[in-house]
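Everything below concerns the one structure shown next.
The values are calculated or read from the model by the stated rules, or taken from the named source; none is laboratory data. For clarity, every value in this text was computed on a predicted model and none was experimentally measured. Please note: Cβ atoms are built from the backbone with ideal geometry, for glycine as well, and neighbour counts cover all protein chains shown. The protein model used for the area step is the full one, side chains on, heavy atoms only, and it has no ligands, DNA or RNA in it. Shrake-Rupley method; radii C 1.70, N 1.55, O 1.52, S 1.80 Å.
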Amino acid sequence: MGTWEAVVSTQSTWEAVVSTQSTWVNKFGKRKSRGFCKKKFKDTKAKAKPAAPQPRFYPADDVERPLKRNKKNNKQTRLRSSITPGTILILLAGTFKGRRVVFLKQLDSGLLLVTGPFKFNGVPIRRVNQRYVIATSTKVDVSGVKVPDAVNDGLFKKTRRGDQDEDEFFAENKEKFTVSEERKKLQTSIDTGVIKAVKAVKYLDQYLGQRFTLKKGVPPHLLKF
């Protein structure tokens, strides 16, 4: 046998050994002997490309978007069970914060119509949001108080700056706000019945005249109104 034939026979023998050893593969794809084995890869489906990453910085200019509002919701705001006509409320915001007032009724807008009365604490008839009041357990019988139909949301509307003319907006001598005589008569007609009901309860007029405050060492979460 020539040298070249011996080399060829040796290679064929080595290929036979490799082919035999390549079949010795367990279920985990690992070879059992020192021979080489060819791993067969399964055909994988083409994966969808991932979405482009969002930018790290938001645009400097604000993008105006319409607010989602339910325009068909015409239901009146639900009134708290602790607030009934005649309930003494404590105002938590506004010009008269800390003052105690008497609740009269709920307006169509959902706001509360209250009065001081004006004689006791200087609070006129006004409307407040029930979020900014504390309902106390003290109540007054206001069943005899008649609130005129003229007392509605339109009574408390004010002219905005955008509704004013250019001359009115830049006028130097602007007219100061003064309470009209009609408003004073309306205040007196409502407060007359409320004052009568308040004086029927001992020391209640003094209670309404005092401002609600918290002192050092008084835990507000333990107070019972």
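Observations
- Inter-site label distance for Arg80 and Phe212 at 7 Å from Cα along Cβ, in nm: 0.8
- Whole-Hz ³J(HN,Hα) from phi, Karplus 6.51 cos²θ - 1.76 cosθ + 1.60, for the range 85-90, glycine and proline x: x, x, 6, 7, 10, 10
- Net charge, Gly154 excluded, C-beta distance under 12 Å - Lys, Arg +1, Asp, Glu -1: 0
- Under 12 Å, Cβ to Cβ, from Gln187 - net charge with Lys/Arg +1 and Asp/Glu -1: +2
- When each of Lys158/Lys184; Lys97/Lys146; Lys105/Lys139; Lys146/Lys176; Lys105/Lys199; Lys75/Lys105 is checked by Cα-Cα distance, pairs over 23 Å: Lys97/Lys146; Lys146/Lys176
- Solvent-accessible surface ranking, highest first, for Leu79, Leu113 at 1.4 angstrom: Leu79, Leu113
- Local electrostatic count, Val201, Cβ distance below 15 Å [Lys/Arg +1, Asp/Glu -1]: +3
- Taken one residue at a time, the phi angles of the range 207-214 give Karplus couplings (6.51, -1.76, 1.60, θ = phi - 60°) of 5, 6, x, 8, 7, 7, 9, 10 Hz. Gly and Pro are set to x.
- The accessible-area ordering, largest first, of the residues Thr188, Thr115 stands as Thr188, Thr115, per a 1.4 angstrom probe.
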